[in-house]
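Laboratory data are not the source of any read-out in this text; all were calculated from the coordinates shown. Computed from a prediction, not measured in an experiment: that's the story for all the values here. With ideal geometry, Cβ positions are generated from the backbone for all residues, glycine too; neighbour counts draw on all protein chains shown.
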Amino acid sequence: MTYDALGAVFDCDGSTAKINQTLALPILQASLTQMGLMPKREFSSVEDFEAYFAKHDTLLVDFGILREEFPPQKTWFARFNIRLDLGFLGFSELYPCRQLYIPFKKPRKNDLSQEA
């Protein structure tokens, strides 16, 4: 979400939304950390990753950051079911997983017209 869109949601301009986020984010992070609810930000190994998600069988994955954070050379998702959206069709070639769920797009009812 852009700061202009965030500003529209909170009835302010984009620069004010940015300032408010900058001021509030450290408070949110400190609160989540103190309550023991702050998500882990990085994993040093596949074992670390699997231990953190040991209670979960299925993960929702954002493929946009995936390659940066989880190098394909390791088997990060081998014991998990993974749910993705249509933009991530190459996932199975890079990352082995137990089960992969990708929705499918229904074919068009009519073929596109042929233009001369």
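Whose amide H sits under 5 Å from the amide H of Ile82, counting only residues 5 or more places off or on another chain, with H placed in the peptide plane?
Those lying under 5 Å, H to H, from Ile82 are Leu59, Gln99, Leu100, Tyr101.
Starting with the highest mean, order 52-61, 30-39 by the number of other Cβ atoms within 10 Å, averaged over the residues of each peptide.
52-61, 30-39
Select from Thr16, Leu94, Phe104 the residue farthest towards the positive end of the dipole of the chain; place +1 on Cβ of Lys and Arg, -1 on Cβ of Asp and Glu, and compute about the Cα centre.
Phe104
How high is the relative contact order of the chain, in percent, with contacts defined as C-alpha pairs under 8 Å that are six or more residues apart?
15 percent
Can you tell me the order of 71-82, 93-104 when each peptide is scored by its average per-residue count of other Cβ atoms within 10 angstrom, highest first?
71-82, 93-104
For Asn20 and Ala78, what does the FRET efficiency come to when R0 = 41 Å and r is the distance between their Cβ atoms, rounded to the nearest 0.05?
0.50
What is the pair-distance distribution P(r) of the chain, computed from all Cα-Cα distances in 10 Å bins starting at 0, with each bin given as a whole percent?
Percent of pairs per bin, in order: 11, 26, 25, 26, 10, 3, 0.
If amide H atoms are built 1.01 Å from N in the plane of the peptide, which residues on other chains or at least 5 residues away come under 5 Å of the amide H of Met38?
Thr33
Can you give me the relative contact order of segment 46-101 as a percent, contacts being Cα pairs under 8 Å and 6 or more apart?
The value is 37 percent.
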